[in-house]
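Single-structure report; data block below.
The values are calculated or read from the model by the stated rules, or taken from the named source; none is laboratory data. Keep in mind that what you see is a predicted model, and the values were worked out from it rather than measured. Here the Cβ positions follow ideal geometry from the backbone for every residue, glycine too, while neighbour counts run over all protein chains shown.
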Amino acid sequence: MKKKNHKYVFIVGGVMSGVGKGIASSSIGKILQSKGFKVNPIKIDPYLNVDAGNMNPTEHGEVFVLNSGLETDQDMGNYERFLEIDLDDGDYMTSGMIYKYIIEKERNLGYHGKCVEAIPHIIQEILRRIKKAADRHKSDISLIEIGGTVGDYQNILFIEAARILKIKHPQDVIFIMVSYLPVPGSLGEMKTRPTQNAIRQLNSYGVQPDIIIARGSQLLDYRRKEKIAMACAIAPENVISAPDIKSIYNVPLNFEKDKIGSIILKTFHLRSKTNGNSLKEWKNFVRKKNCAKKKLRIAIVGKYFDTGDFVLSDAYVSVIEAIKFSSYWSNTSSELIWINSKEYETDPKKISELKKYDGIIVPGGFGENGIEGIIMAIKYARIYKIPYLGLCYGMQLAVIEFARNVVGWGDAHTAEINPKSSHLVIDIMPEQKKLLEEEKYGATMRLGAYPAVLKKGTIAYNSYNVENISERHRHRYEVNPEYIKDIEKNGMIFSGASPSGKLQEIIELPKSIHPFFLGSQFHPEFKARPLHPHPLFTAFIEACLKNK
């Protein structure tokens, strides 16, 4: 492996999915960082998709894009935000990735005619990737989150890989299970049996957890810690209480109350490299969150909200967190109100309700559903001077709205929805159209980090306070260069563009016309951090406060 004393922490889930393994992994990483260790997180998703790019956000949640352009699970965003690092392709793997690599290697005679099997070849590939990620980051400790729940057929090979690594390096590998402890309403008592059964299932794979994080609606009392410890053959202090809390950013502080960092280091026979005060900056951030004196009401007008009788805010989790960070550092709490744009299409009178909000955000999206409703909301924000921030599709639709209602091109549209429009202000670039005709859809996406140059004196430039920036993209269509001059003549500013000037990255209206009206072709939310909020979100929040 990387070196004799490199350490590996595997995080698995028990009882049910959605118990917060990603937040637990991120929090553990933050704590280990605070003790002076360099960590690298890895997310393993057991599904057969090669990446998360083709997944429906209303079913799976947000697709988080790395600098490289890899489309990943939203937990990668949690890792980046908590650990304040940029991750890359080697920090994410799926069953689809592994199988695709193995099959392609076999087709190219990479196995020299051998019979290729799940064991050992899949296991070896999993371990190779884990080792490579540790080498690349030059880290002390790797945190590997295995998606799914113990008992799932899909993740058995990943757990088997971890078991083999433990056999080879018994002093350098530990297992943490994040398990759910229900409190049945009719009983009013936290039940430990499901967790005991989940651990027995894990034991049947040849794996014994060293630490159990007990997720539940309530704080875990010591009696139940003892009960779990006795049934699962670990020390009571190795059962960590993880009750429901209002903010995920309190989780590292809660974990440290149960001394999880010290337990991990003790298990690895390591000592802290710091005096223990390195979470000071994080505590300051949490304190700001709890002491906000000003309040804002922000409408998020989108199209991925209607999933039966529920609202899936996970489709926009990075946007939500970016708003929080900028709000907290502005001594503000922002109440987010989710508005399904389709409501405006069925009942146009509802649009006047937008006057109740201090700001409006239109996040990214694809497809035709709800688009006319969003354009109505953008028009309302522009006319009634409500601070507006459009992200990706939110920028494109702002250009369409302006072209229709200010420039006067009534049928202005995007080629994605109405390719027969006589004013395709949003279109795909000519070099990509051939790829679309060949049904090579993935090759037509602009994914990952791209540079942009900002115009001095604009809102964008004053927000960043630099001329050259780099931001992450996930889109196929662009502002059509043929229409830029006419749009600019009517008052819209293209304040950010690619170094060549061909691709438009930011649009805005001058402050003399509107207090804050800005759209970005990229997704600034992907680079927002708790301790370093994104400048565009901060500028938006400040405009909302001034305009309140």
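Quick notes on this structure:
- Complete set of residues in the range 150-175 that are touching a strand residue (DSSP E or B) at 6+ places or on another chain (Cβ under 9 Å), among the aromatic types (Phe, Trp, Tyr) and either closer than 13 Å to residue 119 by Cα or without any contact (Cβ under 8 Å) to a residue 40 or more places away in the chain (or both): 158
- Residue tally, condition at pLDDT below 90 and either not polar (S, T, N, Q) or not assigned by TED's automatic domain parsing to the domain that holds residue 222 (or both), over the range 255-278: 1
- The strands (runs of 3 or more DSSP E) located wholly in the range 466-548 include none with 3 or more residues which are of a type in the set (Phe, Trp, Tyr).
- Tabulated pairs, the range 502-527, first at pLDDT below 95, second hydrophobic (A, V, I, L, M, F, W, C) and assigned to a loop (DSSP other than H, G, I, E, B), C-beta under 9 angstrom, 6+ apart or interchain: 502/429; 503/429
- Members of the range 142-154 found to be crowded, with 19+ Cβ neighbours inside 10 Å and over 22 Å from the mean Cα position of the chain (by Cα), listed by number: 150
- Hey, residue 209 assigned by TED's automatic domain parsing to the domain that holds residue 30, in contact with an Asp or Glu (Cβ under 6 Å, 6 or more places away or on another chain) and not polar (S, T, N, Q) or not: no
- Being modelled with pLDDT of 95 or more and either in the same structural domain as residue 470 (by TED's automatic domain parsing) or surrounded by 18 or more Cβ atoms within 10 Å (Cβ to Cβ) (or both) is a property that residue 403 has.
- The range 94-140, residues that are polar (S, T, N, Q), over 19 Å from residue 9 (Cβ atoms) and surrounded by 15 or more Cβ atoms within 10 Å (Cβ to Cβ): 94, 95
Results for (1) buried (at least 24 other Cβ atoms within 10 Å of the Cβ); (2) touching a residue at least 24 places away in the same chain (Cβ under 8 Å); (3) not assigned by TED's automatic domain parsing to the domain that holds residue 57, shown as yes or no for each residue.
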position	(1), (2), (3)
355	no, yes, yes
392	no, yes, yes
418	no, no, yes
425	yes, yes, yes
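- Residue match in the range 76-93 (condition: among the hydrophobic types (A, V, I, L, M, F, W, C) and over 14 Å from the mean Cα position of the chain (by Cα)): yes
- When we screen 488, 471 for residues that are touching a helix residue (DSSP H, G or I) at 6+ places or on another chain (Cβ under 9 Å) and at pLDDT 95 or above, the only hit is 471.
- Of everything listed in (1) part of a helix (DSSP H, G or I); (2) over 22 Å from residue 17 (Cα atoms); (3) modelled with pLDDT of 95 or more, the single unmet condition for residue 142 is (1).
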